Amino acid sequence: VECLWPGFVHPNGFGACDAFVSPGHQAKVTMTLRTTVALAGLQGHFFVDPAKLRIVSLVPTGVAAGMHLNWVPTDKGARFTLFAEAGAPIPACGPDILDQTQCPPQPIIEVTLAALDPQVPGETWVNVSELLGSDEFGNGVRLCPFRSGNRIAFEGARVCTEPGCDFNADGRTDVRDLVLMVHCVNNF
């Protein structure tokens, strides 16, 4: 069956924070894709939960680096369309799409997020939905169906609040925090 399976890069291991964000620091996560047929195009919707971070950039990466990417922000994320002018740059893999040894995930889109306000949630999830791929002949390629007995679920990217320097926990970073940090380092 011709189908695709999305995912995200987990640089710190599955279940750990994939990126860190703070009011002055953006987070980057990378969407991956496995497909049983080579793709010339892909469309979908990234969504952020809770919607306290906003997507500020989508960039094709890896095997999709030369493809065109159009996107528009939404209240809860961003809609995107990725396409090639010729050929199908996103390669197909073996028939068992859930076997990562036969079908390694291919990084395709780098997602950059920024905080909307100083109150950044401790944890935010980035997921993708409404995916539709296209082979180079314009045939649609949809998500792979779950197989009987498989408990594999699509995983999103986990963005965590960056540990800050607010040593006195008053919601601001200022000279008082610097004094507390110096005292801590010098064992006062």
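Here are the numbers for this structure:
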item: Candidates Thr112, Thr74, filtered to the one that is at pLDDT 95 or above, open to solvent by less than 10 Å² (accessible area, probe 1.4 Å), hydroxyl-bearing (Ser, Thr, Tyr) and over 22 Å from Ser134 (Cα atoms); result: Thr112
item: When residues of the stretch 4-35 are limited to those that are over 13 Å from the mean Cα position of the chain (by Cα) and of a type in the set (Gly, Ala, Ser), the one nearest to Val120 (Cα to Cα); result: Ser22
item: Cβ-Cβ under 6 Å pairs, at least 6 apart or on other chains, the stretch 109-124 side closer than 19 Å to Pro73 by Cα, far side in a loop (DSSP other than H, G, I, E, B) and of a type outside the set (Lys, Arg); result: Glu110/Thr61; Thr112/Gln26; Ala114/Gln26; Ala115/Pro23
item: Residue pairs meeting the criteria (Cβ under 7 Å; at least 6 apart or on separate chains; first closer than 20 Å to Ala40 by Cα, in the stretch 1-25; second of a type in the set (Lys, Arg)); result: Cys3/Arg142; Leu4/Arg34; Trp5/Arg34
item: Condition broken by Pro89, with the remaining ones in (1) of a type outside the set (Asp, Glu); (2) out of contact with any strand residue (DSSP E or B) (no Cβ under 7 Å at 6 or more places or on another chain); (3) touching a residue at least 60 places away in the same chain (Cβ under 8 Å); (4) surrounded by 13 or more Cβ atoms within 10 Å (Cβ to Cβ) satisfied; result: (3)
item: Count of residues meeting criterion [open to solvent by less than 10 Å² (accessible area, probe 1.4 Å) and assigned to a loop (DSSP other than H, G, I, E, B)] in the stretch 30-49; result: 0
item: Strands (runs of 3 or more DSSP E) enclosed by the stretch 53-120 - at least 1 residues per element that are under 15 Å from Leu4 (Cβ atoms); result: 77-83, 106-115
item: Exclusive hit being in a strand (DSSP E or B) and modelled with pLDDT under 95, set Phe20, Phe14; result: Phe20
item: Any chance Thr101 is hydroxyl-bearing (Ser, Thr, Tyr) and under 13 Å from the mean Cα position of the chain (by Cα); result: no
item: Condition broken by Lys52, with the remaining ones in (1) modelled with pLDDT of 95 or more; (2) out of contact with any Asp or Glu (no Cβ under 6 Å at 6 or more places or on another chain) satisfied; result: (1)
item: Filter pass, Leu53 being farther than 14 Å from Arg158 by Cβ and in contact (Cβ under 8 Å) with a residue 40 or more places away in the chain; result: no
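The values are calculated or read from the model by the stated rules, or taken from the named source; none is laboratory data. All figures in this text were calculated on a predicted structure; none of them were measured in a lab. Please note: Cβ atoms are built from the backbone with ideal geometry, for glycine as well, and neighbour counts cover all protein chains shown. These area figures cover heavy atoms from the full protein model, side chains too; ligands, DNA and RNA do not enter into them. Shrake-Rupley method; radii C 1.70, N 1.55, O 1.52, S 1.80 Å.
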